[in-house]
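Notes follow once the structure below has been shown.
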Amino acid sequence: MNEQIRQRLADLGLELPRLPAPRYQYEPATRTGDLWFFSGKTPIVAGTVQHPGRLGDLSVDEGQQAARIAALNLLAAIDTELGLENVTRVLKITGFVASADGFVEQPKVVDAASQLLVDVLGDAGRHARSAVGVAWLPGNAAVEVEAIVSGEGKEMA
């Protein structure tokens with residue numbers, strides 16, 4: 001990771017977590033050319049889902065905290081597979097928000113993930129986005145975030 005990205009993380013008081021290996025049949029990332037497709041990340045810290053439940057039962061602030069943690073886990077996956085210094089651009093993220101009936105502020109929740117990507121990666125973190133309300137997410141997570149990233153410099157493991 002280059003010094004500028006390392007400094008941005010430090011300025012934000014953040015450290016990239018170590019992610020566990022997948023427990024199911026999927027890859028953390030796949031690649032075709034310079035396009036990297038990253039599997040969804042939830043707000044797990046030390047093996048425990050943070051802010052479990054559905055938005056509407058949880059506050060928007062709690063949802064944003066969950067989205068930020070999920071985005072930090074996504075950045076850790078990007079660093080592991082590609083290297084944050086090799087990111088040319090985050091092209092698109094999709095944020096899934098577990099939503100109780102009537103909850104319609106999914107974009108506000110996912111904005112916290114979007115902001116973290118820009119805060120850490122600068123202009124390379126600016127992206128297109130979808131924010132989708134769903135009934136439930138794995139592990140009772142409130143948010144899951146996945147990404148499509150362009151970048152070169154590291155081969156798939």
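The values are calculated or read from the model by the stated rules, or taken from the named source; none is laboratory data. Bear in mind that the values here come from a model prediction, so they are computed numbers and not experimental data. Using ideal geometry, Cβ is built from the backbone for each residue, glycine included, and neighbour counts are taken over all protein chains shown.
Over 22 Å from residue 127 (Cβ atoms), surrounded by fewer than 17 Cβ atoms within 10 Å (Cβ to Cβ) and among the charged types (D, E, K, R), is that true of residue 15? Taking the combined requirement at face value, the residue satisfies it. Of the residues making up the stretch 119-157, those that are under 22 Å from residue 51 (Cβ atoms) and in a helix (DSSP H, G or I) are 119, 120, 138, 139, 140. Checked across the stretch 132-155, the condition of being more than 23 Å from residue 18 (Cα to Cα), modelled with pLDDT of 95 or more, in contact with a strand residue (DSSP E or B) (Cβ under 6 Å, 6 or more places away or on another chain) and among the hydroxyl-bearing types (Ser, Thr, Tyr) holds for no residue. Residues that are touching a helix residue (DSSP H, G or I) at 6+ places or on another chain (Cβ under 7 Å), in a loop (DSSP other than H, G, I, E, B) and within 24 Å of residue 150 (Cα to Cα) within the stretch 16-52 comprise 16, 17, 19, 28, 42, 43, listed in sequence order. Scan the stretch 100-123 and give yes if some residue there is touching a strand residue (DSSP E or B) at 6+ places or on another chain (Cβ under 7 Å), crowded, with 21+ Cβ neighbours inside 10 Å and among the β-branched types (Val, Ile, Thr), otherwise no. Yes. Out of 91, 116, one residue alone is closer than 19 Å to residue 41 by Cβ, in contact with a helix residue (DSSP H, G or I) (Cβ under 9 Å, 6 or more places away or on another chain), touching a residue at least 24 places away in the same chain (Cβ under 8 Å) and not small (Gly, Ala, Ser). It is 116.
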